[in-house]
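See structure below.
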Amino acid sequence: MSEFLPLDLTAILPFILIGFAAQLVDGALGMAFGVICNTLLVAVMGVPPATASARIHVVEVFTTAVSGISHMIQRNIEWSLFFRLLIPGVIGGVTGAYLLTSIDGDIVKPFILGYLVAVGVWLLFRGLFYPPKFRKPKVIAPLGLVGGFLDAAGGGGWGPVVTSNLLVQGAEPRKVVGTVNSVEFFLTVAVSATFIWHLGIEDIAGATLGLLIGGVMAAPIGAFMAKRFSPKLLLILVGVVLTATSSFGLWRFLAA
C-alpha cells in the first residue's frame, strides 16, 4: 500500500466508495464483494487475475472479520450450518488458490456464470410469486468445497454459489447470509495465506487501502440490514444481484 503513502484522499476515494458499496451489498445479501471488486481490478485496472484475487482476499480478511462479528451480534448465524461449511470451504479455497497460481482459471468460468444466472432468475421468481417456506438444507459440505474453490479461483464466488444454493434448498435467508459471511472470514484467511506463500507479499500490496476502509465501514450496516429485511425481500434482492452480476460477468467473458 506504499503507493498511498503519504495518504492521498482523492486517489483512494473511488476505492473507498466501491469497497463501501460492495460490502454493503455483501453484508446484507451474502454475496458480491469479490465480484464487484474483481471486476474493478481486472477489467478497469488491468490487474492479473491471480494478483486481483489475492488482493481481494487480503481485504476480505478484515471486512469478513467485522462482518462476522456484526452478524453474530445481530444473531444472524446458525452455528450447526457454520461448522458444516467451515472445513470443506477452507479446503476448497486453498485448493483453488494453489491451482490459480499455476493454471488458467477461466476454463469453467462461463459455465459457472451461466449456472448462477439461472439460479438468480429462479430465486427472483420464488421471491416474487411463492411465499418462502423454510426447511433444513441437505447438501452442505460439497457446496462449501465447490464454493471455496470457485471463490479463490475466480476472485469471488463463495457468496453467490453458497448463499444462492442454500436459499434454493429452503434455508432461512437471514441465517444463510449471516452464516455464509461468518465462514468467509476463515476461508479468506486460508486463501490469503496460500496466495502470499506462492506469489509473495510484494505482489499483494497495491491499490487496496480504499477497498479496505470502505468495506470495514459498511460491514456492520450490512449485517443490520440483513436482520431487518423480510425473507421475501431478501430472496428478491439476492435474485436481482445474482442475476445482474453473473449476467454482466458472462457478457464480459464472451465479449473478450
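Per-peptide packing, taken as the mean over residues of other Cβ atoms within 10 Å, places 24-36, 223-235, 139-151 in the sequence 24-36, 139-151, 223-235 from highest down.
Accessible surface of residue 79, taken over heavy atoms with a 1.4 Å probe and every protein chain present, rounds to 120 Å².
Between residue 125 and residue 244, what FRET efficiency follows from the Cβ-Cβ distance if R0 is 22 Å, with the result rounded to 0.05? Plugging the Cβ-Cβ distance into 1/(1 + (r/R0)^6) gives 0.90. Taking Lys and Arg as +1 and Asp and Glu as -1, the other residues whose beta-carbon sits under 15 Å from that of residue 68 total 0. With K and R counted +1 and D and E -1, the other residues having a Cβ less than 13 Å from that of residue 34 yield a net charge of -3. A simple count of charges around residue 179, restricted to other residues whose Cβ falls under 12 Å of its Cβ and scoring Lys, Arg +1 and Asp, Glu -1, yields +1. Across q = 0.17, 0.19, 0.23, 0.24 Å⁻¹, segment 215-256 modelled as identical point scatterers on its alpha-carbon atoms has Debye log10 I(q)/I(0) values of -0.63, -0.71, -0.81, -0.82, in the order of the q list.
The values are calculated or read from the model by the stated rules, or taken from the named source; none is laboratory data. What you see is a predicted model, and the numbers here were worked out from it, not measured in a lab. All Cβ positions, even for glycine, are placed from backbone atoms using ideal geometry, and neighbour counts span all protein chains on display. Keep in mind that these areas ignore ligands, DNA and RNA; they rest on the heavy atoms of the full protein, side chains included. Shrake-Rupley method; radii C 1.70, N 1.55, O 1.52, S 1.80 Å.
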